[in-house]
Amino acid sequence: MKKSFQSTVYVIFVIVTFIALAKAFMVYENPFSVYENPLVWLALIGFILVVVLKELVSTLAIKRATTLQNEKDGIIPEPSNAWLPKLLKSWTKAKRIEDEQEIILDHNYDGIRELDNSLPPWWVYMFYASIVFAVVYLVRFEVLDGDSQIVEYDKAVAEAKAELNKYKATATDLITADNVTLLTDAKDLSRGKAIFNLNCASCHLGDGGGSIGPNLTDEFWILGGGIKNVFSTISNGGRDGKGMIAWNKTLKTEDIAKVSSYVVSLQGTTPAQGKAAQGEKWEE
């Protein structure tokens with residue numbers, strides 16, 4: 001009667017867990033995300049905890065009953081830590097070497113005998129959990145046409161871009177290629193020159209005449225002139241595979257604006273050895 005009651009409780013718990021998981025998969029856009037839908041993971045963890053608690057309570061109950069019976073019969077009780085081996089045994093159902101004759105099979109291979117060991121309960125419970133998970137997954141993504149990982153990724157990227165654009169629209173101190181302005185203050189240009197000499201002179205030379213990089217003093221530009229194009233090129237990098245690296249991971253946006261303004265200020269100057277023109281003539 002007791003086992004029948006326990007079995008009924010387990011069946012009810014599994015059904016309730018399955019319904020909760022199915023509902024969560026139908027409601028949430030990304031049911032497997034721990035952040036968006038912790039209910040699924042809480043349900044699975046709860047299922048495992050219930051199974052563990054069941055085994056623990058059963059072991060403790062058996063221990064208590066054994067202790068009471070031993071006290072009644074005058075038997076010396078077992079050590080206080082004897083429950084741990086019993087718990088491990090209940091989760092593995094392993095037989096002692098002395099009891100292996102009970103599960104030995106008739107197969108004999110050159111003296112090697114085979115044991116008919118039971119599947120460990122921890123493995124069986126995980127297998128049942130995986131079945132529940134698979135059924136919910138099948139219903140969510142194959143029957144109800146849930147979003148695939150690619151669709152979820154595209155939606156997440158779109159949402160992130162929308163949030164970024166919203167932030168850019170409201171951030172007054174954010175400098176981008178769209179709102180950058182040409183700086184003419186001597187302090188700003190001095191800072192821009194220092195950044196240029198430290199990071200850019202190795203390719204463009206100190207006077208901007210060009211070496212590995214193009215000449216910055218003439219009217220010809222590969223990716224467009226003007227403060228906005230220069231800012232964008234420095235920030236995002238030049239042509240793929242053969243252009244300048246992107247500096248937006250190294251320099252602050254205000255420093256990129258200052259060095260861009262300094263580069264623009266080199267227009268019309270006369271370098272010691274100017275490199276031949278590259279790109280197209282730029283006109284504002």
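The values are calculated or read from the model by the stated rules, or taken from the named source; none is laboratory data. Computed from a predicted model, the values in this text were never measured in an experiment. Every residue, glycine among them, receives a Cβ derived from its backbone with ideal geometry; neighbour counts consider all protein chains shown. When the accessible area is computed, the model is the full protein with side chains, heavy atoms only, and any ligands, DNA or RNA have been set aside. Shrake-Rupley method; radii C 1.70, N 1.55, O 1.52, S 1.80 Å.
Give me Rg/Rg_expected for the stretch 199-284, where Rg uses Cα atoms only and Rg_expected = 2.2 N^0.38 Å with N residues. Before the final figure, lay out each step's value.
On the way: Rg = 11.8 Å, N = 86, 2.2 N^0.38 = 12.0 Å.
That ratio works out to 0.99.
How large is ³J(HN,Hα) for each residue in the stretch 178-185, as worked out from phi by the Karplus curve 6.51 cos²θ - 1.76 cosθ + 1.60 (θ = phi - 60°), to whole Hz, x for Gly and Pro?
7, 10, 5, 10, 6, 9, 10, 5
To check my understanding: the extent here is largest minus smallest coordinate of the Cα atoms along each principal axis. What are those three numbers for the stretch 130-259, in Å, largest first?
Extents along the principal axes: 70, 34, 25 Å.
Rounded to a whole number, what % of the accessible area of the stretch 162-205 do carbon and sulfur atoms account for, probe 1.4 Å?
Carbon and sulfur: 55 percent of the exposed surface of the stretch 162-205.
Apply 1/(1 + (r/R0)^6) to the Cβ-Cβ distance of residue 273 and residue 186, taking R0 = 30 Å, and write down the FRET efficiency to the nearest 0.05. Walk me through the numbers on the way to the answer.
Details: r = 27 Å, r/R0 = 0.91.
According to the calculation, E is roughly 0.65.
Can you spot the lysines whose alpha carbon is less than 17 Å from residue 258's alpha carbon? Ignore those fewer than 8 places along the same chain.
Residue 258 reaches 187, 193, 228, 249.
Compute the length gained on full extension between residue 106 and residue 118: take 0.36 nm times their separation in residues and subtract their Cα-Cα distance, giving the result in nm to one decimal.
2.7 nm
Kindly list the residues of the stretch 120-162 that lie in the label zone of residue 52, defined by a backbone N under 14 Å from the point 7 Å along the Cα-to-C-beta vector.
Label zone hits: 122-123, 126.
Tell me, what % of the accessible area of the stretch 227-284 is carbon and sulfur with a 1.4 angstrom probe?
Values: 1740 of 3660 Å².
Percent of accessible area from carbon and sulfur atoms in the stretch 227-284: 48.
Identify all aspartates and glutamates with a Cα-Cα distance to residue 93 below 15 Å; exclude those on the same chain that are fewer than 8 residues away in sequence.
Cross-link targets: 55, 102, 116.
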